[in-house]
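The numbers here are math on the coordinates, done by the rules we state, and not lab data. The shown structure was predicted, so the numbers you read here are calculated from the model rather than taken from an experiment. Note that each Cβ is placed from the backbone with ideal geometry, even for glycine, and that neighbours are counted across all protein chains shown.
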Amino acid sequence: MTKHDTPETGDLAPLLEALKALANPVRLQVLQWLREPEEHFPVNPAVTDPRAVGVCVSHIQAKTGLAQSTVSAYMAVLERAGLVRSTRVGKWTHYRRDEERIAALVEDLAREIGEVHLADLLPS
């Protein structure tokens, strides 16, 4: 590969960071669970609304079965990638998906690699 063939990634850095974050199966699973938090985590409306404030990291940790430090590190990666937002409630951190950012990343990916339709991937 020559110097002229090296891809410019400056404008793609946010997209690449999100793709790297999603390359880990546990982080991807957590993001999927957070899409429908009421179905996957205990909900206590007296404490917090999982859609507006998010899901407590302790609930995410319990569901994954991983160490709290590992889950916190995974959530930090997802937050840096713009896929989730965190909110402090007392001493606890709650996470929710950043739907606007996720939609923008999907649009960026479609623009960069071209739109892919499921029908195009299935055998004829």
Query raised in the report: Stretched out fully, how many nm does the piece from Leu16 to Val43 gain, at 0.36 nm a residue minus the Cα gap?
Result: 6.4 nm
Report summary line: Between Ala73 and Arg88, the two model label points (7 Å from Cα along the beta-carbon direction) sit apart by a distance in nm of 2.3 nm
Query - Neighbour-count ranking [beta-carbon atoms within 10 angstrom, fewest first] of Thr64, Thr70 - result: Thr70, Thr64
